[in-house]
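Working notes, beginning with the structure itself.
The values are calculated or read from the model by the stated rules, or taken from the named source; none is laboratory data. Note that the coordinates shown come from a computational prediction; the quantities given were computed from them, not determined experimentally. Cβ placement follows ideal geometry from the backbone for every residue including glycine, while neighbour counts extend to all protein chains displayed. For accessibility, only protein heavy atoms count, side chains too; no ligands or nucleic acids. Shrake-Rupley method; radii C 1.70, N 1.55, O 1.52, S 1.80 Å.
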Amino acid sequence: MLNSPFFSFLTLLIFKQKTKHIGVVVISVMIIFLLSSILFISSSLQQTLQKNLKNQPDIIVSSLKAGRSVDTPIEWIDKIVEIDGVESVTPRVYGRYFFTPNENSFWIIGVDFFDEQSNQNLKSLIDQVELREFFSTPSMIVGDGVGEFMRGHFYSDSFSFRLPDGGFKEVKIAKELLSSTNLIANDMIVMPQELAREIFGMDDEVVTDIAFNIPNSSEWDNIITKLHLLFYDIRVVDKREMIKSYRGLYNYKGGLFLVLYLVTIATFMLILYQRYSMVYSSDRRDIGILRATGWSIKDILKLKFYETLIITMVSFVMGVVLAYGYIFVLDAPLVLEIFLGGANLANSVELVPTIEFGLLGSIFLIFAIPLFGSVLIPVWRIATTPPKEAML
Amino acid sequence: MIEIEALYKIFYEQSSNPFYALKDINLTIAKGEAVVISGVSGSGKSTLLSIIASLDRPSSGRVIVDGEPISKLPDIHASAYRARSIGFIFQHFNLIESLSVEENVIAPLINSRLDMTTIYSMVKRSMEVANISHKASQSISELSGGERQRCAIARALVNNPNIIICDEPTANLDRENSILFIDILSRLKAEGKSIIIATHDPLFDSLPFESRVIEMVDGEIV
Amino acid sequence: MIREFLVLSTLLVVLVGAMVWHYILYSGDSGAIDDISCLTTMTTPSLSVAFYEPRELYGDRHEVYPSIPTISRVGFVYVK
C-alpha cells in the first residue's frame, strides 16, 4: 500500500494542500474535543456514582406533611422492622446548615458511631487520630470543600455552629477528608448523631428519615405497598429511582449540549458543502483537471473519500485524545464547574478515566457521516459535470 | 484514425432557443496527420476538440477513434480512453497550482496500474521532451507562461498518447515561446502522433511540418 | 509525502498509546469514597448548586436528592 501510486498521490494532495485541510481539522478537533470532554466527564461522574450506589440503602422513608418533608417519627422504626423481608433498618439524621442565609451551606450528617459497621468505616477514615479524643469532645470530620471554606474564614481548629435556640456550639475539626471523596463529600460534615440533633434542634423522637434494605428485590413493590398502608403521610424513595436519576443526571443525550453540538455541526457541514460547491473554488478546478487527464468519476470519488477519511480520523483521534488529557489528566479545569456547580462550595473532583467505546463510536458516526456527505456530494456533482465546465 | 460522422452539439436543447455549437460535422483525420482548425471565437473549435477527447458528449452523431466509437462511452471507459489515447493541452494550461511540475505530470498515470518506478521513468522522459526537467520540483505558481505551457505539454505526453489535442495553445504565450511550442509539435509529428490544433494564431498558418487546415464558421466546417 | 504521513500516523498512534497507557495504569483511590458513603449511607453527589438554580426549582422531583421535595415557586416566595 505504501508503494501504491494512488496512496502517494493521496498523501501528496493532503500535505501540499495542508492550509486548506488545517482549517477543517482544527474546527473538527474543536467539535470532537468539546463533545468528547462532555462525554468523558458525564461518563466518569455517572460511573463513580453508580459504583457508589452499592452503599445506598434500598429504601428510604420519610414523613410528609402537606406534601412537604418533615421530621420522621422514630417510632416508625418499630413498625418497619416488623415487616418481613426488611433488614438493616437505620434512622438517619442529616440536614443542611447555612453558614450565611441563602448562601454557603454545609451538609451535616449525623452518624451513630457505636454501630459496628460505622465504627469500622470511621477507623479507616481517621486512623491517625485518637478515637477516644474524637468521642470525648464534640468533633467532626469535614469534607475538603468545607475545610477550605473554614480556613478561608479563619476557622482552623474548630467551628461554632449557631443553634436554633440562639446559642452556639463549638465543634472541633478532627479530620479533613481526602480530596478523592469530593464527589460526594465536598460539602459534607460528619459528626455524632447527638451532636447533629443538637445543631438542628431535633429531639430524640424524630429523625430525618429511615433507611433500610430489602435483600429480595422482587419484594420491593410489596413492601412499598405495605408501607403506604401503614403510614398515610409517608414518602418512599427506592434505589431504582436513584439509579434512574443518576443516569439522567449528566445525560448528554438531552439538554443544551446536544443542541449546541447539532447546531455547530450543521453550520460546519454547511460551510464545507458551500466550499466544495462554489463555482470558482480551487477544488472544483482541480477535479476538472484530473477528469480531463483521464480520471474517472469513480477515481475522483475514491480520492476524495480517502482524503476525507484521513482528515476525519486525524481530527477524531486528536479531539478524543485532547479531551481525555484535559479531563482525566488536567481534571477538567473550568468545565467541571458546569457539572458540579460553583454556587456553594467550589468542588474539585478527581475524575476516574472512563471510556465508553459505544458512545465514542456514536460520536464518530455523528461527526463523520455529515462530513463525508458535505464533501462527497458536491464532489460527485462536480465530477459528473463535463470537465471543461469544472475547469472554468 | 479519427472518423467524425454527422456530429451535432446542441446547447439548451429543451428550451425554445437551442444553440447549435456544432452542425453536421463530418471529418476524417488519418493516423499521424496534423490538422489545424481555424476560426473565430465561438465557431465551435473547442467544442469539437472536447468531443474528440471525450471531455464532452455530442447531441447526435458519432466519433470513431481507431475503430472504436467513443462518443457515447460510459464514464469509466471514456476516462480510460482519455488516459490511454489523448494528450490534451489547454489554452489556460489547467495545471494544479498547489503541486509541482513533476507532480502535475504524474497525475494522469496514478490510476494506470503501473508501478512507481515505471511511472517515474515515464515522467522523466516526458519532462525531457517538453524541456522542463530542470524545473521538476518547482511549484506551478513560480513558473512563467512558457514554462507552464511546457509543463502542460509534459503532462499531455506522459502517457504516450497517439492523439495530441491542443486548444489555443499559444493564446497566452509570447512569440518566442510560441515558436518553441511549434518546435515541440514538430518533434511529436515526427514520432507519428496525430495532432489536432484549434487556433487563430497566424503562426500556425505556416507550420514547419505537413498539416491540413480546416476552417470552421458558426459550428460548421466550410 | 508518504514520510510525512507516516510521521503523522506515528504521532497519532503515540497519542492513543499514551491515552490507553494512562487508562490502564490509572489507580484512583476509590477506597475513601467507599468508606464515607458506607459510613454515612449517603451517595448523592455534592453539587454546588444554589437553591434558586433551575436544577433545584423545576421538575416534580430533585434530580439529585429525590428524598427532598423540590422547592415550588410558591414555597420559594414564602421562604423569601
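Check the straight Cα-Cα distances from A:LYS51 and name the lysines below 28 Å, setting aside those fewer than 8 residues away within the same chain.
Answer for A:LYS51, where 28 Å is the Cα cut-off: A:LYS123, A:LYS175, A:LYS239, A:LYS244, A:LYS253, listed by chain and number.
Distance between the C-alpha centers of the range B:176-207 and the range A:305-334? Whole Å please.
56
Straight distance only, please: which aspartates and glutamates reach the Cα of A:LYS226 with their own Cα at less than 12 Å, same-chain residues fewer than 8 apart left out?
Filter leaves A:GLU82, A:ASP84.
At a 10 angstrom cut-off on C-beta neighbours, averaged per residue, how do the peptides A:29-42, A:328-341 rank from highest to lowest?
Output ranking for A:29-42, A:328-341: A:29-42, A:328-341.
Averaged over peptide A:234-244, how many Cβ atoms belonging to another chain are found within 10 Å of each residue's Cβ?
Working: counts 0, 4, 1, 6, 1, 1, 0, 3, 6, 0, 2.
The shielding value for this peptide is 2.
Helix-only mean residue ellipticity at 222 nm, chain B, DSSP H runs n ≥ 4 weighted -39,500 (n - 2.57), per residue, nearest 500. What is it?
For chain B, the value works out to -9500 deg cm²/dmol.
Quick one: compute the contact order of chain A, relative version, from alpha carbon pairs under 8 angstrom and 6+ residues apart, as a percent.
Numbers: 518 pairs, mean separation 110.1, N = 392.
Taking the mean separation of contacting Cα pairs over the length of chain A, I get 28 percent.
Quick one: what are the phi-derived ³J(HN,Hα) couplings along the range B:80-97, Karplus 6.51/-1.76/1.60 with θ = phi - 60°, whole Hz, x for glycine and proline?
Once θ is set to phi - 60°, the couplings for the range B:80-97 become 5, 4, 4, 5, 8, 10, 10, x, 9, 10, 8, 4, 9, 6, 6, 9, 7, 4 Hz.
Could you run the Karplus curve 6.51 cos²θ - 1.76 cosθ + 1.60 with θ = phi - 60° over the range A:27-32 and give me ³J(HN,Hα) per residue in whole Hz, x for Gly and Pro?
Using θ = phi - 60°, the values come out as 5, 4, 4, 4, 5, 5 Hz.
Probe of 1.4 angstrom, ligands and nucleic acids ignored: what's the accessible area per residue over the protein assembly as shown, in square angstrom?
It amounts to 46 Å² per residue over the protein assembly as shown.
When the helix-only estimate is applied to chain A (DSSP H runs of n ≥ 4, each -39,500 (n - 2.57), divided by the residue count), what is the mean residue ellipticity at 222 nm, nearest 500 deg cm²/dmol?
Value at 222 nm, helices only, nearest 500: -17000 deg cm²/dmol.
Counting only pairs 8 or more places apart or on different chains, how many lysine pairs in chain B have C-alpha atoms closer than 17 Å?
Working: B:LYS9/B:LYS23; B:LYS9/B:LYS45; B:LYS9/B:LYS72; B:LYS23/B:LYS45; B:LYS31/B:LYS189; B:LYS31/B:LYS193; B:LYS124/B:LYS135.
Counting lysine pairs in chain B gives 7.
What does the buried accessible surface come to for A and C, summed over both chains, with the probe at 1.4 Å? Round to 100 Å².
Working: alone 21790 and 7490 Å², together 23750 Å².
Chain pair A/C: roughly 5500 Å² of buried accessible area.
If you count only protein heavy atoms and use a 1.4 Å probe, how large is the accessible surface of A:GLU170, to the nearest 10 Å²?
Ignoring ligands and nucleic acids, A:GLU170 comes out at about 110 Å².
Sorted by accessible area with a 1.4 angstrom probe, largest first, how do A:TRP295, A:TRP380, A:TRP220, C:TRP21 fall? Can you show the working numbers first?
On the way: A:TRP295 0, A:TRP380 130, A:TRP220 25, C:TRP21 160 Å².
From most accessible down to least: C:TRP21, A:TRP380, A:TRP220, A:TRP295.
Tell me, what is the 1.4 Å probe accessible area of C:VAL7, in Å² to the nearest 10?
Surface open to solvent at C:VAL7 totals about 90 Å².
Determine Rg/Rh for the range B:29-184; Rg is computed over alpha-carbon atoms and Rh is the Kirkwood hydrodynamic estimate from the same atoms.
0.96
What order do A:ASP203, A:ASP165 take when sorted by accessible area (1.4 Å probe), most exposed first? Mind showing how you got there, number by number?
Values: A:ASP203 80, A:ASP165 130 Å².
So, going from the largest accessible area down, we get A:ASP165, A:ASP203.
For the range A:48-133, how big is Rg over Rh, using alpha carbon atoms and the Kirkwood form of Rh?
When Rh is taken as the Kirkwood radius, the ratio is 1.01.
For the protein assembly as shown, divide the Cα radius of gyration by the Kirkwood radius and give the resulting Rg/Rh value with two decimals.
Looking at the protein assembly as shown, the ratio lands at 1.25.
Enumerate the calculated ³J(HN,Hα) couplings along the range B:101-118 in order (Karplus 6.51 cos²θ - 1.76 cosθ + 1.60, θ = phi - 60°), each rounded to whole Hz, writing x wherever the residue is Gly or Pro.
Residue by residue, the range B:101-118 yields 4, 4, 5, 5, 5, 5, 3, x, 9, 4, 9, 7, 6, 8, 7, 4, 5, 5 Hz.
To make sure I understand the rule: partners must be aspartates and glutamates, Cα under 16 Å from the Cα of A:LYS79, and not fewer than 8 residues away in the same chain. Which ones qualify?
List returned: A:GLU87, A:GLU205, A:ASP209, A:ASP233.
Please list, in chain and number order, the residues 5+ apart from B:GLN138 or on another chain whose amide H is under 5 Å from its amide H, with Hs placed from the backbone.
B:VAL101, B:GLU102
Can you pull the accessible area of B:CYS151 for me, 1.4 Å probe, Å² to the nearest 10?
0
Quick check: at a probe of 1.4 Å, how many percent of the accessible area of the range B:129-222 sits on carbon and sulfur atoms?
C and S atoms contribute 44 percent here.
List the accessible area buried at the contact between B and A, summed over both sides and calculated with a 1.4 Å probe, in Å² to the nearest 100.
Details: alone 10760 and 21790 Å², together 30220 Å².
For chain B against chain A, roughly 2300 Å² becomes buried.
What distance in nm lies between label points placed 7 Å from Cα along the C-beta direction at A:VAL329 and B:GLU220?
Here the modelled spin labels are 7.7 nm apart.
List every residue whose amide H lies under 5 Å from the amide H of A:LEU163, counting only residues 5 or more places away in sequence or on a different chain, with H placed 1.01 Å from N in the peptide plane.
A:PHE168, A:LYS169
Collect residues whose amide H, placed 1.01 Å from N in the peptide plane, falls under 5 Å from the amide H of B:SER59; neighbours closer than 5 in sequence don't count.
Counting only residues 5 or more places away or on other chains, the set is B:TYR8, B:LYS9, B:ILE10.
When the accessible area of the range A:169-268 is computed with all protein chains present and a 1.4 Å probe, what percentage of it is carbon and sulfur?
Details: 2660 of 4690 Å².
Of all accessible area on the range A:169-268, carbon and sulfur atoms account for 57 percent.
Could you state the per residue volume, in Å³, of the convex hull enclosing the Cα atoms of the range A:59-213?
141
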